[in-house]
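Notes follow the structure.
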Amino acid sequence: MTRKTKILLIEDEASLAEVIKEYLTASGYDVITAHDGTSGVDLARREEPALILLDLMLPDLPGEEVCTAIRKWSRVPIIILTAKSQEEDLLNGLGLGADDYVTKPFSPRQLVARIAALLRRSSEDPTLLSNRMSYQNGDLVIDTLAREIWKSGDKVSLTPNEYKILLALACYPRKVFTRGELIEIALGSDYDGFDRGIDSHIKNIRQKIESDSKAPQYIRTVHGIGYRFGGDVD
């Protein structure tokens, strides 16, 4: 028997949670639910879901705090469910480590499509020249077999989308990517978020792999165009 993909739904509105659960179950997913942030974090740690759907308006903890807590120990893909439609609010969610968002109200079919797309992107990596790439005398190491990133000897935790973006850049170290190209190559053509969402992901990656995120060595900004990878292979 094929094991179903497990999804954790953290949503305090019981009627909406039930509708989402029924639709995802009918689509072949195994759905577990939490109605507050505290139990959501506990379930995320205990159940190790393949993906998390996270409402921002929870009764005990803001969804942003839940996202931050989970990101301290997990790279699980997270889709934010939110009634907030302002660009700044959504970019803030991405900046905390979420991978995508769906604004309320939404159709269940739309949600299933976004889940499938994010799970697919999370499981498919760009191809590097080697399974283990080392830069600047081992300062940065990308190990694709183990799906691990190391900075100055310490393991770095990247979200699935951050990992995809870094790999895309490292695969083509001399190419300058526009934001649109990074969305296409790293996030997929079905991503319909703001182009500036890429900037939030880049900022997060820099904070994790650069010695000085304000003077980046690996992810360089090409003003007026986009980004390129600047590391020298050992």
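The values are calculated or read from the model by the stated rules, or taken from the named source; none is laboratory data. Model, not experiment: these values are computed from the prediction. As a convention, Cβ positions derive from the backbone with ideal geometry for all residues, glycine included, and neighbour counts pool all protein chains shown. We work out accessible area using only protein heavy atoms, side chains counted, and drop any ligands, DNA or RNA first. Shrake-Rupley method; radii C 1.70, N 1.55, O 1.52, S 1.80 Å.
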Heavy-atom surface of the chain, accessible at 1.4 Å and reported per residue (Å²): 49
Sites residue 152 and residue 14 - FRET efficiency at Förster radius 41 Å, r taken between beta-carbons, to 0.05: 0.30
Approximate spin-label separation residue 25-residue 184, in nm, with each point projected 7 Å along Cα-to-Cβ: 4.2
Probe 1.4 Å, all protein chains present, accessible-area order of 72, 164, 155, largest first: 72, 155, 164
Entry for P(r) over Cα pairs in 10 Å bins from 0, in percent (calculated from the structure that is shown) out of [x] 8, 27, 32, 13, 6, 5, 4, 3, 1, 0, 0; [y] 7, 33, 35, 19, 6, 0; [z] 9, 37, 40, 13, 1: [y]
